[in-house]
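> One structure follows; several queries about it will come next.
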Amino acid sequence: QVQLVESGGGLAQPGGSLRLSCAASGNIIYIYDMAWYRQAPGKQRELVARSTRYGSLHYADSVKGRFIISRDNAKKTVALQMNSLKPEDTADYYCNADITTSYAGGQIGYWGKGTRVTVSS
């Protein structure tokens, strides 16, 4: 019923930039937090950046000052602008959103299928 679809991954050189986008669709009543996570090969999935409904932002220490998360509540989208990319940013990036689909129900966390980012020269 709810889909999160990421786009924008690919190959970038160290020091370069990429922009990831995620669009939510389906039977959505309300979207709370929207976030980006990443999972590098052999490592656990980790939070990269989070945006609450009302604009509070949180970033992992490893990306502070380089990545910017932004969202458009009307369009149900969240983006991640990634600048000054480093080889250690190489990972699969996943969109996550806490969504309510029923006026009687609570919020559920949904995940996109991920988009791969590779940073290499």
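The values are calculated or read from the model by the stated rules, or taken from the named source; none is laboratory data. These figures come from a predicted structure and were not determined experimentally. With ideal geometry, Cβ positions are generated from the backbone for all residues, glycine too; neighbour counts draw on all protein chains shown. With ligands, DNA and RNA removed, areas are computed over all heavy atoms of the protein, side chains included. Shrake-Rupley method; radii C 1.70, N 1.55, O 1.52, S 1.80 Å.
> Are there chymotrypsin sites (Phe, Trp or Tyr not before Pro) in the range 34-84 that DSSP marks as loop and that have at most 11 other Cβ atoms within 10 Å, and which are they?
Sparse-neighbourhood loop chymotrypsin sites (Phe, Trp or Tyr not before Pro): TYR54.
> Springs between alpha-carbon atoms under 10 Å, Gaussian network over the chain: tell me which of THR77, THR101, THR90 tops the mean-square fluctuations.
Between THR77, THR101, THR90, it is THR101 that shows the largest mean-square fluctuation.
> For the chain, what does the relative contact order come out to in percent, with C-alpha contacts under 8 Å and a separation of six or more?
It rounds to 36 percent for the chain.
> Next question, about the same structure. Averaged per residue, what accessible surface does the chain expose to a 1.4 Å probe, in Å²?
54 Å²
> While we're looking at this one, here's another question. Ignoring ligands, DNA and RNA, please state the percent of accessible area on the chain from carbon and sulfur, probe 1.4 Å.
48 percent
> Tell me, what is the Rg over Rh of the range 22-75, with Rh the Kirkwood radius over Cα pairs?
Here the Rg-to-Rh quotient is 1.01.
> Through the Karplus equation 6.51 cos²θ - 1.76 cosθ + 1.60, θ set to phi - 60°, convert the phi angles of the range 31-40 into ³J(HN,Hα) values in whole Hz; use x for Gly and Pro.
Computed from phi, the couplings for the range 31-40 are 10, 8, 5, 10, 8, 10, 10, 9, 9, 8 Hz.
> Sequence gap of 8 or more, or different chains, plus Cα separation below 21 Å: how many lysine pairs satisfy both in the range 20-121?
6
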